[in-house]
Amino acid sequence: MTVESTAARKPRRSAGTTGAKSVASKRAGAAAKESPGAGPELVQLLTPEGKRVKDAEYDPYVADITPDELRGLYRDMVLTRRFDAEATSLQRQGELGLWASLLGQEAAQIGSGRATREDDYVFPTYREHGVAWCRGVDPTNLLGMFRGVNNGGWDPNSNNFHLYTIVIGSQTLHATGYAMGVAKDGADSAVIAYFGDGASSQGDVAESFTFSAVYNAPVVFFCQNNQWAISEPTEKQTRVPLYQRAQGYGFPGVRVDGNDVLACLAVTKWALERARRGEGPTLVEAYTYRMGAHTTSDDPTKYRADEETESWEAKDPILRLRTYLEASNHADEGFFAELEAESEALGKRVREVVRAMPDPDHFAIFENVYADGHALVDEERAQFAAYQASFADSAVEGEGK
């Protein structure tokens, strides 16, 4: 991936200007002609080869990062990937009903997740396992829903991290409404909503953009463009880069290298600080790649070429940061060995916790449906109780025979 000069990359942020054709779009077109094949314009601080590059606009947001913090980012990505791999294996062994892997998207999630403050509120989809890690949610709590033993597994208010949302794109509306409330309360916290390139085609997302812009809501829309909405490639969903959609709603859009954890950290910090200052929403498009299947029920070999996947393997976010750490003498073999041992311990704990999860209370589905109870729910509960009892009766009859 070629990293252009700062001047050439200026159009990567759409300013929400009006008119037949903005200066930004003209520059973007010119840049594309000048560097054909260079790839999409995006903010990048760490190249796929692990080389640190400068960016006058976003360097200040990571200028004071320490070697210890860099090692922390690397640790976050490694342990998140190990957890994810363990969950995939557990599903294949019949211990989970389904799993949505984040393989390849660790930098986008860890970088943006570490940019949030404790008082910020996060609205995820169902793949933000790395963001959950950053928010302090025990990774084993993410697995209950996929095992079918609960509807979430954690208290959203404990970590300001909402429960996973299965309905595609609807969490952007929840985030927008919450952000509008934050603004009315006069708080200086911000909200961040995660979604994918496929969700960007949903009406809920468009409606969220409209309301957040009109009400100047302190929300960051973080789109992980992993190139595929299940089997649908991005080019069948949009005629322009996703970040440019922000122009039509009147707020900035930025495209960042989603496999560069430093760039994701810097851009998300910038966007969140902008929101806290009362400057309204931002759309961040993290240009990344889904290395695995959409979920474990999917077979990506049916719709994408091996060559495409191999080209993105060379941009692996973890290998990229490791190369930089080693070249900068910020990490030695002792660090990597300790992390490997920690990774093994995490995998072992995940397996043990999942297999020990108790079956859910069959009658829990009738709780909290109505605040004060309801006759119809009571009737349904009684019918279900009778249905459950019929199995016990059948067993007794069978023993009698």
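Can you name every residue in segment 75-115 that is open to solvent by 10 Å² or more (accessible area, probe 1.4 Å) and either part of a helix (DSSP H, G or I) or acidic (Asp, Glu) (or both)? ARG75, VAL78, ARG81, ARG82, ALA85, GLU86, THR88, SER89, GLN91, ARG92, GLU95, listed by residue number. I'm trying to understand the selection: among the residues of segment 113-141, which are polar (S, T, N, Q) and touching a strand residue (DSSP E or B) at 6+ places or on another chain (Cβ under 7 Å)? Once the filter is applied, which keeps residues that are polar (S, T, N, Q) and touching a strand residue (DSSP E or B) at 6+ places or on another chain (Cβ under 7 Å), segment 113-141 yields THR116, THR125.
Exactly one residue out of GLU344, GLU399, GLU380, GLU367 is of a type in the set (Asp, Glu), over 23 Å from LEU90 (Cβ atoms) and modelled with pLDDT of 95 or more: that is GLU380. Taken over segment 236-259, the residue count meeting the criterion of being under 16 Å from the mean Cα position of the chain (by Cα) and small (Gly, Ala, Ser) is 1. So is LEU283 surrounded by 17 or more Cβ atoms within 10 Å (Cβ to Cβ) and either free of Cβ contacts under 8 Å to residues at least 12 places away in the same chain or not in a helix (DSSP H, G or I) (or both) or not? Here the answer is yes, as LEU283 does meet what is asked. Does GLY169 fit the bill of being touching a residue at least 24 places away in the same chain (Cβ under 8 Å) and of a type in the set (Gly, Ala, Ser)? Answer is yes for this residue. Residues that are of a type in the set (Asp, Glu) and either touching a residue at least 60 places away in the same chain (Cβ under 8 Å) or under 20 Å from VAL122 (Cα atoms) (or both) within segment 206-255 comprise just one, GLU207. Only a single item in (1) of a type in the set (Asp, Glu); (2) free of Cβ contacts under 8 Å to residues at least 12 places away in the same chain; (3) within 12 Å of PRO317 (Cβ to Cβ) is not met by ASP299, and it is number (3). Here CYS223 passes the criteria (1) more than 16 Å from GLU273 (Cα to Cα); (2) surrounded by fewer than 21 Cβ atoms within 10 Å (Cβ to Cβ) except the one numbered (2). Return the residues of segment 301-346 that are open to solvent by less than 50 Å² (accessible area, probe 1.4 Å), not in a loop (DSSP other than H, G, I, E, B) and not β-branched (Val, Ile, Thr); say none if nothing qualifies. Within segment 301-346, TRP312, PRO317, ARG320, LEU321, TYR324, LEU325, GLY334, PHE335, PHE336, LEU339, SER343, LEU346 qualify. Residues that are on the phi < 0 side of the Ramachandran plot and open to solvent by 10 Å² or more (accessible area, probe 1.4 Å) within segment 183-198 comprise ALA183, LYS184, ASP185, ALA187, ASP188, SER189, GLY196, GLY198, listed in sequence order.
The values are calculated or read from the model by the stated rules, or taken from the named source; none is laboratory data. These numbers were taken from a predicted model, which means no experiment stands behind them. So basically every Cβ, Gly included, is an ideal-geometry build from the backbone, and we count neighbours across all protein chains shown. Side chains included, ligands, DNA and RNA excluded: accessible areas come from the protein's heavy atoms. Shrake-Rupley method; radii C 1.70, N 1.55, O 1.52, S 1.80 Å.
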